[in-house]
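Data first, discussion second: the structure below is written as structure tokens.
The values are calculated or read from the model by the stated rules, or taken from the named source; none is laboratory data. Worth saying up front: this structure is predicted, and the values here are computed from it rather than measured. As a convention, Cβ positions derive from the backbone with ideal geometry for all residues, glycine included, and neighbour counts pool all protein chains shown.
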């Protein structure tokens, strides 16, 4: 089910600009790893290298290695499309397909995989919506458009859509930054439940959130604007927030900059 | 603070207090009224002259196949013109829209930027060619070169009855349809391209992250988002095809007959018939042509109305409320 991510010597570029430089880390399976750091430090870019979404951007390219258990995501002959089917992603702003119903949104990934059996679909859609704590709110209106839901519900719909295809890893790029505190709490609770099944990586600007939901925390920083982002340290969340090794981490989490 | 603001807004809402505002208000209001007045004048003129003609018509205006508007008594009907106009325009749309959507998608989502920009210019250039030039090209190039295709269609599709061909110049409604398709291609392409370009990156990334291939991204996020835009684009193209005059008049060899085969010469369209007959027409003849123009106007209105209905019905599922 969940797999370990092993990154070594990874740099990502936008054209000739190096956005992140030489990052190595291990993300344990069935745990939540949070990426924190000031804006522009490359944490989102790094996240997007983990499912090969970075190279979709104009001029985006990557050097280095990302291993998902034994599989090199950037190995020769690896199809980025199949990588994205094993590494799911939830975005900053909820982005359900506006032309599809709630049901169709959840089923979208399964249909891509060629699964069309109605009975299976019904079952998986229900299971995924339950998994995303959304089933009770939408079970009577599965055929209504997903865009009619509230922001928090839409984000949980997107999570349901992502977990419906049973990915190995779930990447979340600031999943709560567009949501109110109540919806944020709902998503955080959900993350706590999902980590028993998936490897979860979450980018957040909210340090309390990182402290609440994650087992491990990675702090990213950049020397100056225009310089590439670097991984400063990664450690158990408790340790990062109580007794970090690096001074810059302590300055950041205590609010002295960033 | 809060108590002081309302009087200020009330004063500005009440009307122009500054000179510049008053002048601009007058100008814009005047332009609006002028437009309405011109529209009303055209409508009154068309309806009045059309009523005169239809009153004098000895044949059934809607169903008759004749056009002897200058005879005494005048006998004319729009059946052939309506048939020719609708058939050639719909044919043009059927041929042009898939190609246009393909080109638009290629420019917006497939082509490398270096190729997309020049291709866009070429399409724009196609839109700038005057219709008489299309007509000349159609008559001098397209007509002689289509006989091969016509023979082929007669052999393989003749059994449908729609595509039988017995030789002769290819000055038929089908050729007109092809020519019109080329003429409406730029506008349908351009509008579709703009719509596809605006398709939200968010949804495209959502599809990508689910493991969609490029075509699947387009099918899941770009096409649904662009659907109403493509419908509007097609209707714009259809509107242009319905009213196209010179190109049709140059290519078609007109007759007042409806033939089952689209490949046989003959038939006519409203605009082509007006252009061909207006100079030689007497006063009733002109009124009859005006009456046919009014029908074209109504058909165009209906087409636009239908397009709006289609778009409105899909609004809930469109990208507009994303």
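Tell me the residue from A:148, A:152 that is more than 14 Å from chain B (Cβ to nearest Cβ) and either at pLDDT 90 or above or surrounded by fewer than 22 Cβ atoms within 10 Å (Cβ to Cβ) (or both), please. Steps first, please.
Numbers: A:148 fails: more than 14 Å from chain B (Cβ to nearest Cβ).
Exactly one of A:148, A:152 is more than 14 Å from chain B (Cβ to nearest Cβ) and either at pLDDT 90 or above or surrounded by fewer than 22 Cβ atoms within 10 Å (Cβ to Cβ) (or both), namely A:152.
In region B:146-164, which residue that is more than 25 Å from residue B:245 (Cα to Cα) and in contact (Cβ under 8 Å) with a residue 24 or more places away in the chain is surrounded by the fewest Cβ atoms within 10 Å (Cβ to Cβ)?
B:161
Checking residue B:143 against (1) within 21 Å of the chain's Cα centre (by Cα); (2) surrounded by 15 or more Cβ atoms within 10 Å (Cβ to Cβ); (3) under 30 Å from residue B:171 (Cβ atoms): exactly one of these is not met. Which one?
The single condition residue B:143 does not satisfy is (1).
Considering only residues that are touching a strand residue (DSSP E or B) at 6+ places or on another chain (Cβ under 8 Å), more than 7 Å from chain B (Cβ to nearest Cβ) and crowded, with 23+ Cβ neighbours inside 10 Å, which ones fall in region A:89-119?
A:90, A:102 - these are the residues of region A:89-119 that are touching a strand residue (DSSP E or B) at 6+ places or on another chain (Cβ under 8 Å), more than 7 Å from chain B (Cβ to nearest Cβ) and crowded, with 23+ Cβ neighbours inside 10 Å.
Quick one: how many residues across region A:120-139 are surrounded by fewer than 18 Cβ atoms within 10 Å (Cβ to Cβ) and closer than 23 Å to residue B:221 by Cα?
The total comes to 1.
Considering every residue within region B:232-253, establish whether at least one is closer than 17 Å to residue B:81 by Cβ and out of contact with any helix residue (DSSP H, G or I) (no Cβ under 8 Å at 6 or more places or on another chain).
yes
Test each condition in (1) assigned to a loop (DSSP other than H, G, I, E, B); (2) under 27 Å from residue A:156 (Cβ atoms); (3) modelled with pLDDT of 90 or more; (4) over 13 Å from the mean Cα position of the chain (by Cα) for residue A:105 and report the one that comes out false.
Unmet for residue A:105, out of (1) assigned to a loop (DSSP other than H, G, I, E, B); (2) under 27 Å from residue A:156 (Cβ atoms); (3) modelled with pLDDT of 90 or more; (4) over 13 Å from the mean Cα position of the chain (by Cα): (1).
Has region B:77-89 got at least one residue that is surrounded by 16 or more Cβ atoms within 10 Å (Cβ to Cβ), closer than 30 Å to residue B:116 by Cα and in contact (Cβ under 8 Å) with a residue 40 or more places away in the chain? Talk me through it step by step, then tell me what you get.
First pass over region B:77-89, keeping only residues surrounded by 16 or more Cβ atoms within 10 Å (Cβ to Cβ): B:77-89.
Okay, now just the ones that are also closer than 30 Å to residue B:116 by Cα, so B:89.
Remaining after also requiring in contact (Cβ under 8 Å) with a residue 40 or more places away in the chain: B:89.
So far as region B:77-89 goes, yes, one or more of its residues are surrounded by 16 or more Cβ atoms within 10 Å (Cβ to Cβ), closer than 30 Å to residue B:116 by Cα and in contact (Cβ under 8 Å) with a residue 40 or more places away in the chain.
Any chance region B:143-162 includes a residue that's closer than 23 Å to residue B:239 by Cβ, at pLDDT below 95, in contact with a helix residue (DSSP H, G or I) (Cβ under 7 Å, 6 or more places away or on another chain) and in a helix (DSSP H, G or I)?
No, region B:143-162 contains no residue that is closer than 23 Å to residue B:239 by Cβ, at pLDDT below 95, in contact with a helix residue (DSSP H, G or I) (Cβ under 7 Å, 6 or more places away or on another chain) and in a helix (DSSP H, G or I).
Would you confirm whether or not region B:212-231 contains a residue that is under 20 Å from residue A:78 (Cα atoms), crowded, with 18+ Cβ neighbours inside 10 Å and facing chain A (nearest Cβ under 7 Å)? Step through it out loud before you land on a result.
Here is the first cut: in region B:212-231, the ones under 20 Å from residue A:78 (Cα atoms) are B:212-217.
With the extra rule that they be crowded, with 18+ Cβ neighbours inside 10 Å, the set shrinks to B:212, B:217.
Keeping just the survivors that are facing chain A (nearest Cβ under 7 Å) gives B:212.
Yes, that holds for at least one residue.
Report yes if some residue within region B:173-183 is away from chain A (no Cβ under 14 Å), over 16 Å from residue B:97 (Cβ atoms) and in contact with a strand residue (DSSP E or B) (Cβ under 6 Å, 6 or more places away or on another chain); otherwise report no.
Looking through region B:173-183, at least one residue is away from chain A (no Cβ under 14 Å), over 16 Å from residue B:97 (Cβ atoms) and in contact with a strand residue (DSSP E or B) (Cβ under 6 Å, 6 or more places away or on another chain).
Do we find that residue A:42 is touching a helix residue (DSSP H, G or I) at 6+ places or on another chain (Cβ under 9 Å), more than 14 Å from chain B (Cβ to nearest Cβ) and on the phi > 0 side of the Ramachandran plot in this structure? Steps first, answer last, please.
Working: touching a helix residue (DSSP H, G or I) at 6+ places or on another chain (Cβ under 9 Å): no; more than 14 Å from chain B (Cβ to nearest Cβ): yes; on the phi > 0 side of the Ramachandran plot: yes.
In short, no.
Just one of B:180, B:236, B:185, B:257 is farther than 30 Å from residue A:114 by Cα, in contact (Cβ under 8 Å) with a residue 40 or more places away in the chain and crowded, with 24+ Cβ neighbours inside 10 Å; which is it? Give the derivation first.
On the way: B:236 fails: crowded, with 24+ Cβ neighbours inside 10 Å; B:185 fails: crowded, with 24+ Cβ neighbours inside 10 Å; B:257 fails: crowded, with 24+ Cβ neighbours inside 10 Å.
Answer to the selection: B:180.
Out of A:52, A:84, report the one residue that is surrounded by 15 or more Cβ atoms within 10 Å (Cβ to Cβ), at the interface with chain B (Cβ under 9 Å from one of its Cβ atoms) and in contact with a helix residue (DSSP H, G or I) (Cβ under 7 Å, 6 or more places away or on another chain).
Numbers: A:52 fails: at the interface with chain B (Cβ under 9 Å from one of its Cβ atoms).
Being surrounded by 15 or more Cβ atoms within 10 Å (Cβ to Cβ), at the interface with chain B (Cβ under 9 Å from one of its Cβ atoms) and in contact with a helix residue (DSSP H, G or I) (Cβ under 7 Å, 6 or more places away or on another chain) holds for just one of A:52, A:84, which is A:84.
Could you say whether any residue in region B:280-293 is modelled with pLDDT of 90 or more and within 29 Å of residue B:146 (Cβ to Cβ)?
yes
In region B:13-42, what residues are touching a helix residue (DSSP H, G or I) at 6+ places or on another chain (Cβ under 9 Å) and surrounded by 12 or more Cβ atoms within 10 Å (Cβ to Cβ)?
Within region B:13-42, B:16, B:21 meet the criteria.
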